[in-house]
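Heads up: the structure comes next, in structure tokens.
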Amino acid sequence: MADVGVPRHRPQIEILKKVVPIASLLQCRVVRTKDHKKQAKFDLFEEGEDGLVEGINDELGPHVLRILPDQGTRSRRHYTMYLPPPPHSSAATETGRGETVGRPVGRVESDSLGTDFRIYDCSWSGRESDGEGVHWREVCAVHYQVIRLSKGGPRRMTVVMHAVDKHGTRCKSPAPSADLARSGLMERYRRFGATDTGIVVLENKLPRWNEENHSYMLDFFGRVTQPSVKNFQLVHPEDTDYTVAQFGKVGEDMFTLDLRFPMSPIMAVGIA
């Protein structure tokens, strides 16, 4: 009998949790599907071999993740990321939405205002049964600045994540361990700011107003083909030429998602 205490998907899970290696670029597609209640689910695919050619008609690469909204969370935006169900495997489960999925690997949780989000990955200890043995770990936090409709303009986003060395290992924080234990990443940023060298803060690159098109524009180097308020590029404030992650629309329900060091796929999907 197989040992059910060790997830069969562990190699794939570890890849999704790891940051992209230095000097590498990971290019993906996100496909949105809405049900009869207009609730959206999202699927993450690797980029097809030909890259971005015809947008929605492109051939996609392997299916990597399925992202589903949780049940009973209308006041809060909570999503769970699952591995695709392996064919002919007992590891597949059925969600409350009737979706057949593999094991959970990540979560996105928001506050009631929809301005602060926490992103988690997970690990297992012991046997996994009905969620037992699953441990969630915060890996990223996002804050959206509220912009009044009368002011208009692009939205502003702040992303806080753990600082890592060139091997992807977390850097130690000088903050007291007791404070770290009870503080989330965004709380640490608001409390300690730049003095906490155990975190990295990213911001969305602000677009420039184009007089000819009468709209805000960013250069996505051909990877984004349609305007959307959800299009973004994440950069470090001190190095705005290095894009850590970018997300943008290429079809009615299709988006590109590209990421570099020190971003992991679970972080990037959660932010997007």
What's the FRET efficiency of Leu60 with Lys18 using the Cβ-Cβ distance as r and R₀ = 25 Å, to the nearest 0.05?
0.65
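With +1 on the Cβ of every Lys and Arg and -1 on the Cβ of every Asp and Glu, and nothing else charged, how large is the dipole of region 166-272 about its Cα centre, in debye rounded to the nearest 20? Before the final figure, lay out each step's value.
Working: 13 positive and 13 negative charges, 113 e Å.
Charge dipole of region 166-272: 540 debye, to the nearest 20.
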³J(HN,Hα) computed for each position of region 20-27 - Karplus, 6.51 cos²θ - 1.76 cosθ + 1.60, integer Hz, glycine/proline x
5, x, 4, 6, 10, 9, 10, 10
Compute, for Ser112, the solvent-accessible surface of its heavy atoms (probe 1.4 Å) with the complete set of protein chains present, and express it in square angstrom to the nearest 10.
80
Relative contact order for region 184-256: what is it in percent, counting Cα pairs under 8 Å that are at least 6 residues apart?
25
Cross-link reach list, lysines versus Lys34, counting only Cα pairs under 21 Å and skipping chain neighbours closer than eight places:
Lys230, Lys249
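Could you compute the FRET efficiency for His135 and Arg191, with r as their C-beta to C-beta distance and R0 at 25 Å, rounded to 0.05? Provide the component values of the computation, followed by the final result.
Values: r = 25 Å, r/R0 = 0.99.
E(calc), rounded to 0.05, equals 0.50.
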Heavy-atom accessible area order for Thr158, Thr197, Thr256, largest first, 1.4 Å probe:
Thr197, Thr158, Thr256
Nonlocal amide H pairs with Leu257, under 5 Å, H built at 1.01 Å
Cys28, Arg29, Val30
Working with all protein chains in place, sort Trp136, Trp209 by solvent-accessible area computed with a 1.4 Å probe, largest first.
Trp209, Trp136
How much accessible surface does His236 have with a 1.4 Å probe, in Å² rounded to 10?
70
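Sort Cys140, Cys171 by accessible area with a 1.4 Å probe, largest first.
Numbers: Cys140 0, Cys171 55 Å².
The ordering from most to least exposed comes out as Cys171, Cys140.
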Probe 1.4 Å - accessible area at Phe42, Å² to nearest ten
50
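The values are calculated or read from the model by the stated rules, or taken from the named source; none is laboratory data. For clarity, every value in this text was computed on a predicted model and none was experimentally measured. Virtual Cβ from ideal backbone geometry, glycine too; neighbours counted across all protein chains shown. Protein only, heavy atoms only, side chains kept; ligands, DNA and RNA dropped before computing areas. Shrake-Rupley method; radii C 1.70, N 1.55, O 1.52, S 1.80 Å.
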